[in-house]
Amino acid sequence: LLLTWATLQVQTALAGFLNGESVWSKAQKQATVALLNYATTGDEKDYADFTRNYAALDAFRSARNQILSGHFDYALVEDELRRARAMPVAIPSVIFMLDHFAGAPYMKDALRLWRSTDGSISDLGAIGGELHQAYAAGPVTQAESVRQRDRINAINAFIQPRSKQFSVSIADGAVVAGKLLFVG
């Protein structure tokens, strides 16, 4: 019964990670699309959509970094994950897994991939800020719009394969964990 319970907890945590990756990936894609649109049109609705999705990305990063620091306020991390729109039922398991199993084989690889996108996500935020300031000052030139869209597309091209590899790593870990617990 204990192993069955542990299996369910591990599967819930891994499902939470996969759901979190799905939410994170969707927020990243939506932030990218909104920022591309904003670079083209300067429409404040696009900027608002970008900032909403960027906030979810930032909340996931913040929660991850707080947990991995080894010293974190559980309630604060829980709030960050809720702000990121993580699956509520999986939040305790996700926190537990990050806190205790960040160095596990598949988890370690997935976290490395996730961290590798931090700089690119920050760059999206910086581009959003630059565009917002530029549009506040007046119309943006076609050349500047094209330059910023090219930067956004390059960032997206860097992030997308890592996001997919993250999902594969977590899914592979879920399969191995399930087999180990079944054998147990």
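The values are calculated or read from the model by the stated rules, or taken from the named source; none is laboratory data. Please read these numbers as outputs of a predicted model, since none were measured by experiment. Note that we place each Cβ from the backbone using ideal geometry, even for glycine, and neighbour counts take in every protein chain shown. We work out accessible area using only protein heavy atoms, side chains counted, and drop any ligands, DNA or RNA first. Shrake-Rupley method; radii C 1.70, N 1.55, O 1.52, S 1.80 Å.
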- [ ] State in Å² the accessible area per residue of the stretch 2-100; use a 1.4 Å probe, count heavy atoms of protein chains only, and round to the nearest integer.
- [x] 48
Open item on the list: I'd like the orientation of helix 118-137 relative to the chain: the angle between its Cα long axis and the longest Cα principal axis, in ° from 0 to 90, rounded to 10.
Closed with: 30
Task: Charge tally in the Cβ shell below 15 Å around Val89, where Lys, Arg are +1 and Asp, Glu are -1, Val89 excluded - done: +1
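Roughly how many Å² is the accessible area per residue of the stretch 105-184, as a whole number, for a 1.4 Å probe? Walk me through the intermediate numbers first.
Details: 4390 Å² over 80 residues.
Per residue, the stretch 105-184 has an accessible area of 55 Å².
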- [ ] Please list, or write none, the lysines whose alpha carbon is within less than 28 Å of the alpha carbon of Lys164, excluding same-chain residues fewer than 8 places away.
- [x] Lys26, Lys29, Lys108, Lys179
Open item on the list: I need the calculated FRET efficiency for the pair Arg162 and Lys45, taking r as the beta carbon distance and R₀ as 25 Å, to the nearest 0.05.
Closed with: 0.30
Open item on the list: On a full-extension model of 0.36 nm per residue, what is the gain between Glu144 and Phe101, subtracting their alpha-carbon distance, rounded to one decimal in nm?
Closed with: 11.0 nm
- [ ] Measure nothing but the geometry: give the 0 to 90° angle between the long axis through the Cα atoms of 2-41 and the longest principal axis through the Cα atoms of the chain, rounded to 10°.
- [x] 0
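Report the local net charge at Ala75: Lys and Arg +1, Asp and Glu -1, summed over other residues whose C-beta lies under 13 Å from its C-beta. Before the final figure, lay out each step's value.
Details: positive: Arg82, Arg83; negative: Asp73, Glu78, Asp79, Glu80.
Within the 13 Å Cβ shell, the charges total -2.
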- [ ] Over the chain, with every protein chain in place, what whole percent of the accessible area is carbon and sulfur at 1.4 Å, could you tell me?
- [x] 61
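Hey, with R₀ at 35 Å, roughly what FRET efficiency would Ser120 and Leu180 work out to, going by the Cβ-Cβ distance, to 0.05? Working shown, then result.
Numbers: r = 34 Å, r/R0 = 0.97.
My answer for the efficiency is 0.55.
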